[in-house]
Amino acid sequence: MPKFKSAAIIIFIKNAEKGKVKTRLASTLGDDKALQIYKALLGHTRKTVLSIPMERLLYYSSYINFEDDWPASEFHKYLQPEGNLGDRIAYAFEKAFKNFERVIIVGSDCPTLSKKILTEAFEQLQHHNFVIGPAQDGGYYLLGMRQFSPSVFENIEWSTESVLPDTISAIKKLDATYHLLPELSDVDYEADWERWGWDLD
C-alpha cells in the first residue's frame with residue numbers, strides 16, 4: 001500500500017491508570033477489570049493505526065509516557081491541553097494542519113475500528129471536506145477534515161447523543177461536503193463489552 005502523502009492520524013488516549021479509566025465500566029465490573037479492558041482496547045487501537053502508513057500523533061490525557069507500548073519511533077507524542085473535549089480536539093487539529101493536508105482523529109475505545117475504515121476515511125477526504133465515523137451513542141469515533149475548521153467543535157454538548165447531529169449541522173453551515181463511515185459502537189458499559197466477548201487472558 002502506498003503511503004498516504006501529507007496525511008496524519010491523531011489518537012486521543014487516557015493514561016492507563018487504575019480508577020481513572022472506563023469509570024462507567026468500573027461501576028459494575030470494578031477498577032481492575034475496567035483497567036484490563038481499557039488496556040485491551042488500547043492494544044486494538046494501536047494495532048489498527050499501525051496497519052496503515054501515515055504519521056501518527058498520539059495525545060495523552062495526563063502525562064507523556066515514553067516507556068509504554070506505543071513506540072516513539074512510530075508515534076509523535078504530545079499532551080492534551082486544558083479545556084473541554086472540543087477545545088482539546090481543536091488544538092490537536094490546528095497543530096496537525098501546520099504540517100499535513102488531511103487529518104483524522106480517533107479515540108481509543110472502539111473495538112471494531114479497522115484498517116478498512118481508516119483507509120476509507122483518508123480516501124474519502126480526497127472527495128469531501130469532512131469524513132465522520134458515527135458512534136451508536138450519538139457521538140463519533142472518527143472525524144477527519146482537509147482544513148482546520150474550529151467551528152465544528154463550538155457549541156457542542158460533549159458526551160451527549162446530540163454530538164453527531166450538531167457536528168453535521170456545523171459542517172452544513174460551512175457549505176461543506178461530508179462522508180459518513182459505517183456506524184460503530186464504543187465500549188462504555190458492561191453490556192457493550194459483553195457484546196464483543198474478547199478473551200482477556
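Among the listed pairs Lys95/Lys115; Lys14/Lys39; Lys39/Lys77; Lys33/Lys115, which are separated by more than 21 Å between their Cα atoms?
Working: Lys95/Lys115 24 Å; Lys14/Lys39 10 Å; Lys39/Lys77 18 Å; Lys33/Lys115 27 Å.
Beyond 21 Å between Cα atoms: Lys95/Lys115; Lys33/Lys115.
Using the Karplus curve 6.51 cos²θ - 1.76 cosθ + 1.60 with θ = phi - 60°, what ³J(HN,Hα) values do you get for each residue of region 145-159, in whole Hz, with x for Gly and Pro?
In residue order, the calculated couplings are 7, 9, 8, 5, 10, x, 5, 6, 10, 9, 6, 10, 8, 5, 6 Hz.
Pick out, in residue order, every one of the chymotrypsin sites (Phe, Trp or Tyr not before Pro) in region 1-87 that is DSSP loop and has at most 15 other C-beta atoms within 10 Å; say none if there are none. Could the numbers behind the result be given before it?
Details: sites: Phe4, Phe12, Tyr38, Tyr59, Tyr60, Tyr63, Phe66, Phe75, Tyr78; in loops: Phe4, Tyr63, Phe66, Phe75.
Answer in residue order: Tyr63, Phe66.
Kindly write out, for region 102-111 in residue order, the coupling ³J(HN,Hα) from the Karplus curve 6.51 cos²θ - 1.76 cosθ + 1.60 (θ = phi - 60°), rounded to whole Hz, with x marking Gly and Pro.
For region 102-111, the Karplus-derived couplings read 9, 9, 10, 10, 9, x, 10, 10, 10, x Hz, x marking Gly and Pro.
Going by alpha carbons, how many degrees (0 to 90, nearest 10) lie between the helix axis of 163-173 and the longest principal axis of the chain?
10 degrees
Full-extension gain between Asp87 and Asn99, please, as 0.36 nm times their residue separation minus the C-alpha to C-alpha distance.
Values: separation 12, 0.36 × 12 = 4.32 nm, distance 1.97 nm.
Stretched fully, the Asp87-Asn99 segment lengthens by 2.4 nm.
Restrict the search to region 20-127; then list the GluC sites (Glu not before Pro) that DSSP places in a loop and that have at most 10 other Cβ atoms within 10 Å of their Cβ.
Details: sites: Glu55, Glu67, Glu74, Glu82, Glu94, Glu101, Glu120, Glu123; in loops: Glu67, Glu74, Glu82, Glu101.
Answer in residue order: Glu67, Glu82.
What longest region of the chain stays clear of trypsin sites (Lys or Arg not before Pro) that DSSP places outside H, G, I, E and B and that have at most 11 other Cβ atoms within 10 Å?
On the way: sites that count: Lys3, Lys5, Lys98.
Longest stretch, sites excluded: 99-201.
Only bridges whose two residues both fall in region 7-196 count here: according to DSSP, what percent of them are antiparallel, nearest 5?
Values: 9 of 28 bridges.
Here the share of antiparallel DSSP bridges comes out near 30 percent.
Rounded to the nearest 10 degrees, what's the angle between the helix 115-124 long axis and the longest principal axis of the chain, both from Cα atoms, 0 to 90?
20 degrees
For Glu157 and Asn65, calculate 0.36 nm times their separation in residues minus their Cα-Cα distance, and state this gained length in nm to one decimal. Show your work: numbers first, answer last.
Working: separation 92, 0.36 × 92 = 33.12 nm, distance 2.99 nm.
Answer, rounded to one decimal: 30.1 nm.
Using helices alone, what [θ] at 222 nm do you get for the chain, with -39,500 (n - 2.57) per DSSP H run of 4 or more residues, divided over all residues and rounded to the nearest 500? Walk me through the numbers before you get to the answer.
Details: 6 runs with 67 residues, N = 201.
It comes out at -10000 deg cm²/dmol, rounded to the nearest 500.
Can you compute the radius of gyration and Dmax for region 7-196, using only the Cα atoms, both in Å?
Using the Cα atoms of region 7-196, the pair Rg, Dmax is 15.8, 47 Å.
Over 20 Å apart: what share of the alpha carbon pairs of region 28-111 falls there, rounded to a whole percent? List each step's numbers first, then the result.
Working: 1397 of 3486 pairs.
So the portion of pairs separated by more than 20 Å is 40 percent.
As I understand it, the value is the acute angle between the Cα axis of helix 85-96 and the longest principal axis of the Cα atoms of the chain; what does it come to in degrees, rounded to 10?
Between the helix axis and the principal axis of the chain, the angle is about 60 degrees.
Rule-based calculations on the coordinates, nothing more; no lab input. Please read all numbers here as calculations on a predicted model, not as lab measurements. Cβ atoms come from the backbone with ideal geometry, glycine included; neighbour counts cover every protein chain shown.
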